[in-house]
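Peer 1: The structure is given below, and queries will be raised subsequently.
Laboratory data are not the source of any read-out in this text; all were calculated from the coordinates shown. Everything numeric here is computed off the predicted structure, so don't read it as measured data. Note: ideal-geometry Cβ built from the backbone for every residue, glycine included; neighbour counts use all protein chains shown.
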Amino acid sequence: MSLSAEIREQLISSFRAELAEHVQTMTDGLLGLEQHRVDAKDSSATLEDIFRAAHSLKGAARAIGVTAVEQLAHGLEDVLAAMQTDAVARSPGLFTACYHALDAIQAVQVAYEAGELTPPTKALHALAELQPFREARGDALPLNPNAAHAPQNSATPPIPETPTSTGVSAADETIRVSVGKLDALMTQLSELLITKIRIEQRATQMRNLLDYVAEWQKEWLSARSAYNRLARKQRQGIVGEEASRPDRDLHRMMTYIDAGQERLRELATVVGVLSRDYSNDVMQTSLVIDALEEEIKRVRMLPLNTITATFGRMVRDLAQAAGKEATLETAGGEVELDKRVLEQIKDPLVHLLRNAIDHGIEPPETREAAGKARRGTVSLSAQQLGKDVVVTVSDDGAGLDITAIRRVAARRKGASEDVQGLSEAELAELIFYSGFSTSPIITDTSGRGVGLDVVRRNVEALGGRIDVEWQPAGGSAFRLTLPLTLTSSRGLLVRTANQVFAIPLSAIERILRVGAEQITPLGGQDTVLFDGRPIPLVRLNDVLDLPNAAAKEGRIPVVVLAAAERRIAFAVDDLVGEQEVVMKGLGKQLARVGGIAGATIMGSGEVVLILHVADLMKLATRAEHRSVVQAVPVHGVVPNPTAPRILIVDDSITTRTLEKNILEAAGYSVQLATDGQEALRAIAADGLPDLIISDIAMPRLDGFDLTAHIKGDPRTAGIPVILVTSLDSVEDKSRGIEVGADAYIVKSRFDQNNLLDTIRQLI
């Protein structure tokens, strides 16, 4: 009976997972035996576990028809059986042959899923490499290359038996969920979080309404007192029949006022109940959303050993290739991180492990001469600290060669005196610079100086940091501090140059308010004391190249940011508050905007840009800064009524906001439209703009048709039009020229300076 494509895919998926599990079991067991990390009394049990994994894999491969895997697993069975009876010596060559067989099994699986009918050459070589050790049992089974992959449509193969050693109970069921679906769910959660913020704002408005009602009641009491005084005066000044008339009028008015007061009292009661119920709803909604957020984050979380499971074998092979001996020890593999974080730190961790073998662990003879064990130890550990995870890669090798670092630094700088004043900690930081290497030769693992700088960039791109510690002749440790997740986080909202930005709380070391007497110029740079040490103090608007709103009088709000060992204090105009922010990426088109990591949408609908801390720190060292305590205070940027007016047309709220901020900071007056039709209505209603910046791909009326319409109308033909788009084909650019666009800027190469230069040329 033929198998449906769906059933076959299920079988392949099950076999893939089972193969990965058995291969990992065998790899871990073999490493433990080879590196003597398994006690003699546990050696037999370990061998039995490895043998059982090979046997189960052989059966699963036979069931699904992958003959090459079946034969390789059978070969491993024979070798393991010989090891159990001590028929073969546990030599490095034996273990290497077993590892090569495991590599070949994985290669066969890849080839099988790709539809290749013959096994890779690696499988034949691996089986041949096992043969001398199998002969000790006299049970050699040659590989038949023509029977590697049996046809799958001849009969229904039995489903491979589920292993009992997976560690997953029947009650602990799992489901495979695509990352795309989870991302969509996270998008919906982001909108729900924004709704939560809006509800909280509405609750605040309700409380303000209650305060307004209370003030109204106070005013009524005052009016009542005035009425009483007026009534007394009238009764005292008027006698006879006329005295009763004002009383009747005033009584009629008071009756109306009393009725209004009663209605007001009822309104206050209703609003009070509504406010109370609304607050309860807000609290319940917040609890549900917070729980949902945590559960969704947990769905995306995977244990660290998801990516580190193969590292033990890698360390072993790297050490062997370098003529060294090393063992990888792991701890905290169960600590969970977001899948995206795991994916992005795998390569940095691999590089750090390679670096530990190449630069840290000494040759066995050198270690023995120094009184160390012949076999070095590389450690990889993880620990969760609050909302961060600290991953440490360390070794017991020689540690950092500060002398060599100083020598290389002097050679790169051209004069040794330039580095003599650097501390050891500052010298250690140099290893993260691009092109910096102390290796005397270039190899496939080191010497190019392009490793640790990439590691740092990757870690900082995640919003984390990396620190290095070492002991003379006692090894080194690289500590990576990483966020658990990249979804939502707490941020500090600050205002500078009349714009609001969000700064991740995880990067904030401290918030200060400093007076002019606490600011000291050193070498032309303002500094402020932090933990007894002077650190640079810069204005955030200078770093972001925003208008020069002068510093305020009195105590200045200062935010101290930390990246690695660096601390920089940023002066801002105001501290707006702390809030949960949902990161929304700017996309590849705007990835080059310096200092900006993404954006978030506030409850009011306002788009607030989130600052990229690591990028901000780098910009702070290059920007020209004015003194923080100079000039007269101003209250934001006052729009210039004579400034050129620019119409921005884009259906993306993030892009519109970003371009608006750039242009307003440059002194332009900005008008917004979401598509071409809205742009034409704005021109008809508000008059001709001085320049139009438009996207192309928009609903209703796209940028091409908008430009053609503007250039085809004599009244608007003179308005310069800049097309800013992600469309970069020759055909799109040619069409832009045909419809009359004055400039064509591709978003993938978007640069705010280029945009501003283009505008200045056209206006």
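Peer 1: In the neighborhood of residue 286, defined by Cβ-to-Cβ distances under 11 Å, what is the net charge if each Lys or Arg adds +1 and each Asp or Glu adds -1?
Peer 2: Details: positive: 196; negative: 200, 281, 290, 293, 580.
Neighbour charge sum, excluding residue 286 itself: -4.
Peer 1: Quote to one decimal, in nm, the extra length available between residue 606 and residue 762 on full extension: 0.36 nm per residue of separation minus the C-alpha distance between them.
Peer 2: On the way: separation 156, 0.36 × 156 = 56.16 nm, distance 3.02 nm.
Gain on extension, residue 606 to residue 762, equals 53.1 nm.
Peer 1: Order of 650, 705, 281, 78 from fewest to most other C-beta atoms within 10 Å?
Peer 2: Working: 650 26, 705 15, 281 12, 78 21.
Final ranking by Cβ density, sparse to dense: 281, 705, 78, 650.
Peer 1: Taking H placed 1.01 Å from N in the peptide plane, check which residues at least 5 places from residue 693 or on another chain put their amide H under 5 Å from its amide H.
Peer 2: Those lying under 5 Å, H to H, from residue 693 are 647, 648, 649, 722.
Peer 1: With a Förster radius of 30 Å, plug the Cβ-Cβ distance of residue 128 and residue 42 into 1/(1 + (r/R0)^6) and report the FRET value to the nearest 0.05. Before the final figure, lay out the partial values.
Peer 2: On the way: r = 32 Å, r/R0 = 1.06.
Here the calculated transfer efficiency is 0.40.
Peer 1: Sticking with this structure for a sec: When 544, 680, 292 are ordered from fewest to most other Cβ atoms inside 10 Å of their Cβ, what list results? Could you put the intermediate results ahead of the total?
Peer 2: On the way: 544 22, 680 18, 292 15.
Ranking 544, 680, 292 by Cβ neighbours within 10 Å, fewest first, gives 292, 680, 544.
Peer 1: Please give the net charge around residue 305, taking every other residue with its beta carbon less than 11 angstrom from that of residue 305, where Lys and Arg add +1 and Asp and Glu add -1. Write out the running numbers ahead of the final one.
Peer 2: Numbers: positive: none; negative: 28, 334, 336.
Local charge sum for residue 305: -3.
Peer 1: Can you compute the FRET efficiency between residue 690 and residue 200 using 1/(1 + (r/R0)^6), with r the Cβ-Cβ distance and R0 = 51 Å? Round to the nearest 0.05.
Peer 2: Values: r = 41 Å, r/R0 = 0.80.
About 0.80, to the nearest 0.05.
Peer 1: Give me a comma-separated list of calculated 3J(HN,Hα) values for the range 102-116, in order, Karplus coefficients 6.51, -1.76, 1.60 applied at θ = phi - 60°, integers in Hz, x for any Gly or Pro.
Peer 2: After applying 6.51 cos²θ - 1.76 cosθ + 1.60, I find 5, 4, 5, 4, 5, 5, 4, 4, 4, 5, 4, 5, 7, x, 6 Hz.
Peer 1: What is the spin-label model distance, in nm, from residue 705 to residue 453 if the labels are put 7 Å beyond Cα along the C-beta direction?
Peer 2: 4.9
Peer 1: By the gyration tensor of its Cα atoms, with a ≥ b ≥ c the square roots of the eigenvalues, what is the shape of the range 645-762: rounded for a/c under 1.5, prolate for a/b over b/c, or oblate?
Peer 2: Rounded, because the longest to shortest axis ratio a/c is under 1.5.
Peer 1: Can you give me the distance in nm between label points at residue 401 and residue 373, each placed 7 Å from the Cα along the Cα-to-Cβ direction?
Peer 2: Going by the 7 Å Cα→Cβ label model, 2.6 nm.
Peer 1: Here is a further query. For a footprinting-style exposure proxy, rank 402, 361, 601 by other Cβ within 10 Å, fewest first. Intermediate values should be presented prior to the final figure.
Peer 2: Working: 402 16, 361 28, 601 20.
Exposure proxy ranking, most exposed first: 402, 601, 361.
Peer 1: Right, another one. Apply 1/(1 + (r/R0)^6) to the Cβ-Cβ distance of residue 753 and residue 90, taking R0 = 60 Å, and write down the FRET efficiency to the nearest 0.05. Write out the running numbers ahead of the final one.
Peer 2: Values: r = 65 Å, r/R0 = 1.08.
Approximately 0.40, to the nearest 0.05.
Peer 1: Note down the nm distance, to one decimal, between modelled labels 7 Å out along Cα→Cβ at residue 509 and at residue 334.
Peer 2: 3.6
Peer 1: On full extension of the chain, what length is gained from residue 467 through residue 225, given 0.36 nm per residue of separation minus the C-alpha to C-alpha distance? Display every interim value, and only then the final one.
Peer 2: Numbers: separation 242, 0.36 × 242 = 87.12 nm, distance 7.18 nm.
Taking 0.36 nm per residue and subtracting the Cα distance, the gain is 79.9 nm.
Peer 1: Can you return the aspartates and glutamates within cross-link range of residue 297? Criterion is Cα-Cα under 18 Å, with same-chain partners fewer than 8 residues away left out.
Peer 2: Candidates past the 8-residue exclusion: 183, 191, 334, 336, 338, 343, 388, 580.
Peer 1: Now for a different question. Please give the contour-minus-distance gain from residue 267 to residue 306: 0.36 nm per residue of separation, less the Cα-Cα distance, rounded to one decimal in nm.
Peer 2: Working: separation 39, 0.36 × 39 = 14.04 nm, distance 6.01 nm.
Fully extending the segment from residue 267 to residue 306 adds 8.0 nm.
Peer 1: Give, as a single signed number, the net charge of other residues whose beta carbon lies under 14 Å from the beta carbon of residue 122, with Lys and Arg counted +1 and Asp and Glu -1.
Peer 2: Numbers: positive: none; negative: 103, 116, 129.
Charge balance in the 14 Å sphere: -3.
Peer 1: Output ³J(HN,Hα) for the range 51-64: one whole-Hz value per residue in order, computed from phi by the Karplus curve 6.51 cos²θ - 1.76 cosθ + 1.60 with θ = phi - 60°, and x for Gly and Pro.
Peer 2: Taking θ as phi minus 60°, the curve returns 4, 5, 5, 4, 5, 5, 5, 4, x, 5, 5, 5, 5, 8 Hz for the range 51-64.
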